[in-house]
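The values are calculated or read from the model by the stated rules, or taken from the named source; none is laboratory data. The shown structure was predicted, so the numbers you read here are calculated from the model rather than taken from an experiment. Using ideal geometry, Cβ is built from the backbone for each residue, glycine included, and neighbour counts are taken over all protein chains shown.
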C-alpha cells in the first residue's frame, strides 16, 4: 500500500470489497423482491424502514467502520502493532454499545418514525412489524461491521468479502422460506424477511469474530480493558463521519415523505424503488472507498501525503466512471429495474421520471462518496460533510419549497440532480485543492 502502483493496487484491493458491498446491499433488494409479492402496501411499508436500516448499515460500516479502518491502518503504517490489536477490541465494544442504544430507540419509537416518513394504514402496520424484528437484531449488524472494518484496515478485503457474500447467498433461499413458508416452516409474511436478515447478521458476527481471534488477522482481537485514548482514535474520524450517512439517508427518507405527501402511496413506492438504485451506488463507491481508507491512512501515517492524494483522485475517477454506466443504463431503461418490484402504473410512472432525470448524474454522487472515504483515511472530513449538508439543503430545502409551490415532481427531481452534481464537485475540489494539508 506504500509503494506499489496506485491504480493496480486499488483494483486489486477493491474488487473483493466491491463484490462484498454489492452482495450486502443486494440482501435488501432480495428482501424487497420477495416482499413485493405480498402487495403494494407491504412494499410501501418496507420502503420507509429501508432508509433507517441503511442509515444503520452506513453508520456502522461506512462511518464508524471507516474510523476503525483508518485508526488501524494508521497504527500499522506507523509500526504500532500492539495499538492495532487493542483497537479491534475497542471497535467491537464501541459498535456494540452504539447498536444497543439504537435498538432500544427504534423499538420504542419506530412506529412514530415510520408514520412521519409517510407510512399509514396497512403500510404502517407492515413497517412496524418488519422494523420491530430487524432492529431487534441491530447490535449484531454493528458488531459484524466493526469486525469487518478491523480486517479491512489491515488491507485484507478478501475475508470480509467472502463472509458477507456467503451471507447474501444464504438469504436467497432463507428469505422466501421464512416469508412464504416451506414444509414445517409456517409463512411468517413480512416479518420472515426481517428474521432472515437477523440470522445473516448473527452468522457474520460469529465467523468474523473467530477470524480476528485466531491470530490470522494482522490486527488481532485480544483481551483487555477499555481506554479512552483508543476510543478517541476511532471516534475522532468515525464519530464525525456519522454525519455523512445521516445526511445521505435523511435525503432519501425526507424526499420520500414529500413524494408520498404529494403523489400518494403508489408514487412513494415508485420513488423509493427508483431511489433504491442509489443504495447500489453506495457499495460501488464503498468498494473503492474502503481500500482508499486503508491506503490513504497508511500513507499519511508513513509521511507520504502526496501519494495519499493521488490515491484519492484515482479512486474518485474510477467510482465516477462505474456509477455513470449504472446511471445512464437506468435512465435509458428505467422499467427494467422498476418492474422487478411492481407493475402498478403510478409506481412505474413516478420511478421512471426520477431515473430519467437523476440517473445521468449518478457518477457525481459516487465520486463524492468515494472521496469521502479517502478523506476519512486522511482524518479530514470538513468539506465532504459540508458538501453533504449543501446537497440536503438544495434537494430537501429548495426542492421541497419548489414542490410545495408547483406540485411538480419533475421540478423536484431536477433539484435532486442539481444537488447531486453539487455534492460531487465540492468534494472533488476539496481533495484536488489539497485542503487535507492545510
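Miscellaneous remarks
- Residues of region 395-438 satisfying the condition of being under 13 Å from residue 354 (Cα atoms) and free of Cβ contacts under 8 Å to residues at least 24 places away in the same chain: 408, 411, 415
- Residue within region 348-365 that is surrounded by fewer than 24 Cβ atoms within 10 Å (Cβ to Cβ), over 30 Å from residue 70 (Cβ atoms) and free of Cβ contacts under 8 Å to residues at least 24 places away in the same chain present: no
- Listed by position, the helices (runs of 4 or more DSSP H) enclosed by region 303-387 that each have at least 2 residues that are over 18 Å from the mean Cα position of the chain (by Cα) are 305-332, 334-338, 345-358.
- Single condition residue 289 does not satisfy, out of (1) assigned to a helix (DSSP H, G or I); (2) over 24 Å from residue 68 (Cβ atoms); (3) at pLDDT below 95: (2)
- Residue check, residue 147 in contact with a helix residue (DSSP H, G or I) (Cβ under 7 Å, 6 or more places away or on another chain), part of a loop (DSSP other than H, G, I, E, B), buried (at least 17 other Cβ atoms within 10 Å of the Cβ) and modelled with pLDDT of 90 or more: no
- Count of residues meeting criterion [within 21 Å of residue 136 (Cβ to Cβ) and either in contact with a strand residue (DSSP E or B) (Cβ under 9 Å, 6 or more places away or on another chain) or buried (at least 22 other Cβ atoms within 10 Å of the Cβ) (or both)] in region 203-223: 3
Residues are listed down the side, and each one gets a yes or a no for (1) within 22 Å of the chain's Cα centre (by Cα); (2) over 13 Å from residue 231 (Cα atoms); (3) buried (at least 21 other Cβ atoms within 10 Å of the Cβ):
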{"position": "51", "(1), (2), (3)": "yes, yes, yes"}
{"position": "66", "(1), (2), (3)": "yes, yes, yes"}
{"position": "71", "(1), (2), (3)": "yes, no, yes"}
{"position": "84", "(1), (2), (3)": "no, no, yes"}
{"position": "111", "(1), (2), (3)": "no, yes, no"}
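- Selected residue (only one of 200, 262, 271 is surrounded by 20 or more Cβ atoms within 10 Å (Cβ to Cβ) and not assigned by the TED database to the domain that holds residue 51): 271
- Among (1) surrounded by fewer than 19 Cβ atoms within 10 Å (Cβ to Cβ); (2) touching a helix residue (DSSP H, G or I) at 6+ places or on another chain (Cβ under 9 Å) - the single one residue 343 does not satisfy: (2)
- Some residue of region 87-108 being surrounded by fewer than 22 Cβ atoms within 10 Å (Cβ to Cβ) and not in a helix (DSSP H, G or I): no
- Taking region 113-123 as the range and being surrounded by fewer than 20 Cβ atoms within 10 Å (Cβ to Cβ) and either part of a helix (DSSP H, G or I) or not assigned by the TED database to the domain that holds residue 58 (or both) as the test, the residues that pass are 113, 115, 116, 121, 122.
- Being over 27 Å from residue 13 (Cα atoms) and assigned to a helix (DSSP H, G or I) holds for only one residue in 237, 254, and it is 254.
- Every condition in (1) at pLDDT below 85; (2) on the phi > 0 side of the Ramachandran plot holds for residue 181 except the one numbered (1).
- Annotation note: of 290, 330, the sole residue that is in contact (Cβ under 8 Å) with a residue 40 or more places away in the chain, closer than 22 Å to residue 63 by Cβ and surrounded by 24 or more Cβ atoms within 10 Å (Cβ to Cβ) is 290.
- Hey, residue 188 under 30 Å from residue 380 (Cβ atoms) and either surrounded by 16 or more Cβ atoms within 10 Å (Cβ to Cβ) or in contact (Cβ under 8 Å) with a residue 12 or more places away in the chain (or both) or not: no
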